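Just below is one structure, and these are the notes that go with it.
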Amino acid sequence: MVENEHHQASAPAPPPPAVQQPLGSARGPAYPPAEQLLQLNYCIHSNPSWAQTAILAFQHYIVMLGSIVMIASLLVPRMGGGPGDKARVIQAVLFMSGLNTLLQALLGSRLPTVMGPSFAYILAVLSIINDFRDEDFSSEHERFLHTMRAIQGSLIISSFINMLLGFSKAWGEFTKLLSPLIVVPYICVVGLGLFGRGFPQLATCVEIGLPMLVFLVVLQQYMKRLHPAAHPILERFALLVCIGLIWAFAAILTAAGAYNNVGDATKRSCRTDRSFLMSSAPWIKIPYPFQWGTPIFRASHVFGMMGAALVTTVESTGTFIAASRFAGATPPPAHVLSRSIGLQGVSQLLDGIFGSIVGTNASVENVGLLALTHVGSRRVVQISTVFMFFFSIFGKFGALFASIPLPIFAAIYCVLYGLVAAVGVTYIQFTNNNSMRNIYIMGLSLFLGISIPQYFVANTDGNTGRGPVHSGGGWFDDILNTIFASAPMVALIVGTILDNTLDAHHTRDERGVPWWGPFQHKKGDSRNDEFYSFPLRINEYVAASFDENSKDELRTLLDGFHTTISHLNMVLLGMAKLTDWSARVCPNSVWVKVSCLKDQI
């Protein structure tokens, strides 16, 4: 019986076929997509101690100061201005950077981004300078003042481009066409497109710039790993330590006579006493409206500035997206981008009124500093405006830090711009990396985003600002030369056209649209309000649409404005009392000028 059962038993089933594992699993772990960076020490809502906050805020001030000094050093001498004019321009730009940063952090993007001067306006400003080059003026200072007035007028009129795009919500609707596939090359070239301010500027004084770059990498990345106690200190404050060491080294070389017998270009780059800012800067000076005189409005100048204003819209948007990643926030929704660009237009209007030399945009280097320190706190950036206001008013103190040699800043930019470029690559995790369509779009957008602007920059006259486009219409040439000299602008144009026309409907999942789409709507993700709502319950009074404000809410808001005006009046009365005392002690003091300005208002 057993034998019969043995013969009747079925044969054993064959083993299941082995499932071939993908190569990635065979060789190492696969990391799932992560919406937020997990190694941040402080995100947008979390704050360090007040002592650390102050030091980190001062660090943001130092980093953004380099761009201000670069722009002023490039433009003011061409306008006929001397060291004193350059010092006052730096004060005005620094003051406006503080004001614009505070407005953006409170009412605009709400991200920890510093608003600084934009290099996109340089071609337009050089064109204005060239128009007045052959005119007769009583002095070079008079030519400087006349040029500044023309720049003021152009900034004021062109600011309405940003305000129109932002407050009409047109820019927010356009950004809904973006996808993670477009964001990858777009954010990459936000950092890579600024390579000219990195090592090329560092190499103008390699004995200062190269040690700064090496020290920063070694101290901030390697030395912090030697002891657990040193890790947080060096990670957050190594930048200031390196600046102090290399600045002292440059001062020793200058005092020892190492640059006595070199060319003028080397002296300007290496010596610590060639800026003449300390001797020419005033002790106290408060920037005030139309400080250079009545603005001059000329149509040809305005159109060139309009092209630059459009470029800053694109560049700031890319910088905001990068900042949201480093701050641990969701990508900024469309309505947030609209209001931030509209407020950037208001900032440019204020730049023209208060006499800045260029318009404003989001500072890329300060976003890189968020990544370097692993601190994305909004409070840190807000406190940094205190240093901007202080050093813009007390000129001698501000001139001390503004005299740091530019190759030191260039070495810092080599690291910070690279971090911003790298964060753009992280968005590729939300797309299909193996799609040949995606590879084609990303590759072409990235390459043309670098190649086309390089052609325009290489064929632009540095003295006149004239680019390779020569159609005969000066303002039209300025617009095209400015637009195509911007790497983020070119990458955005190419990527948006290709991604939305090459089989876009059937490749939504490959493009990452299902992940990106919800963040673009105010109620699409529950975290949007957490990160981007207005402070101090202002969001309860500012509705999504203008017709949603009730009479009671409007009355409450007006009461708040009335209280603010009352407090301001008390401050002005206090200043008036101080003015009466100051007029008796020092008739030409700044308080007397403030009182005169108050009476005019």
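The values are calculated or read from the model by the stated rules, or taken from the named source; none is laboratory data. Just so we're clear, the structure is a prediction, and the values are computed from it rather than from any experiment. Positions of Cβ are generated from backbone atoms using ideal geometry, with glycine treated the same way; all protein chains shown enter the neighbour counts. Just the protein is used for accessible areas: all its heavy atoms, side chains included, with ligands, DNA and RNA removed. Shrake-Rupley method; radii C 1.70, N 1.55, O 1.52, S 1.80 Å.
Taking Lys and Arg as +1 and Asp and Glu as -1, the other residues whose beta-carbon sits under 15 Å from that of residue 257 total +1. The fraction of Cα-Cα pairs per 10 angstrom bin, counted from 0 for the range 124-168, comes to 25, 41, 22, 11, 2 percent, rounded to whole percents. The accessible surface of the range 331-448, taken with every protein chain in place and a 1.4 Å probe, is 77 percent carbon and sulfur. Taken per residue, the accessible surface of the range 50-533 reaches 36 Å², heavy atoms only and a 1.4 Å probe.
With all protein chains in place and ligands, DNA and RNA left out, the 1.4 Å accessible area ranks 503, 477, 529, 134 as 134, 503, 529, 477, largest first. Charge tally for residue 355 (other residues, Cβ to Cβ under 10 Å; Lys, Arg +1; Asp, Glu -1): +1. Among 285-291, 100-106, the peptide with the highest mean count of other Cβ atoms within 10 Å heads the list, and the full ranking is 100-106, 285-291.
Taking Lys and Arg as +1 and Asp and Glu as -1, the other residues whose beta-carbon sits under 15 Å from that of residue 115 total 0. Amide H contacts for residue 115 (H built 1.01 Å from N in the peptide plane; partners 5 or more residues away or on another chain; cut-off under 5 Å): 101, 363. Taking only the C-alpha atoms of the range 443-504, the Rg (one decimal) and the largest Cα-Cα distance, Dmax (whole number), read 13.3, 45 Å.
Of the residues 163, 278, 232, the one whose Cα sits farthest towards the positive end of the charge dipole of the range 50-533 is 232 (charges of +1 on Lys and Arg Cβ, -1 on Asp and Glu Cβ, taken about the Cα centre). Sorting 62, 439 on solvent-accessible area from highest to lowest, probe radius 1.4 Å, gives 439, 62. Highest-first packing order for the peptide set 492-498, 250-256 is 492-498, 250-256, based on the mean count of other beta carbon atoms within 10 Å. Solvent-accessible surface (1.4 Å probe) assigned to residue 141 amounts to roughly 80 Å².
Highest-first packing order for the peptide set 464-472, 73-81, 223-231 is 73-81, 464-472, 223-231, based on the mean count of other beta carbon atoms within 10 Å. Computed from backbone phi with θ = phi - 60° and the Karplus coefficients 6.51, -1.76 and 1.60, the 3J(HN,Hα) list for the range 312-321 is 5, 4, 5, 5, 5, 4, x, 5, 5, 5 Hz; x is used for glycine and proline. Exposure check, 1.4 Å probe, all protein chains in place: residue 364 carries approximately 20 Å² of accessible surface. Applied to the range 466-477, the Karplus parametrisation 6.51 cos²θ - 1.76 cosθ + 1.60 on θ = phi - 60° returns per-residue 3J(HN,Hα) values of 7, x, x, 7, 10, 8, x, x, x, 5, 5, 4 Hz, with x for Gly and Pro.
One chain, two ends: residue 264 and residue 286. Fully extended at 0.36 nm per residue, the span grows by 4.6 nm beyond their Cα-Cα distance. Listed values for the range 433-449 are Karplus-derived 3J(HN,Hα) couplings in whole Hz (6.51 cos²θ - 1.76 cosθ + 1.60, θ = phi - 60°), namely 5, 9, 7, 5, 4, 5, 4, 5, 5, 5, x, 5, 5, 5, 5, 5, x, and x replaces Gly and Pro. Based on the alpha-carbon gyration tensor of the range 50-533 and its eigenvalue square roots a ≥ b ≥ c, which shape applies: rounded if a/c is under 1.5, prolate if not and a/b is larger than b/c, or oblate? Since a/c reaches 1.5 but b/c is at least a/b, the shape of the range 50-533 is classed as oblate.
The heavy atoms of residue 139 present about 50 square angstrom of accessible area, all protein chains included, probe 1.4 Å.
A 1.4 Å probe over all protein chains sorts 171, 50 by accessible area into 50, 171, starting with the largest. An ellipsoid equivalent to the range 397-481, defined through the eigenvalues of its Cα gyration tensor, has semi-axes of 32, 27, 10 Å when rounded to whole angstrom and sorted largest first.
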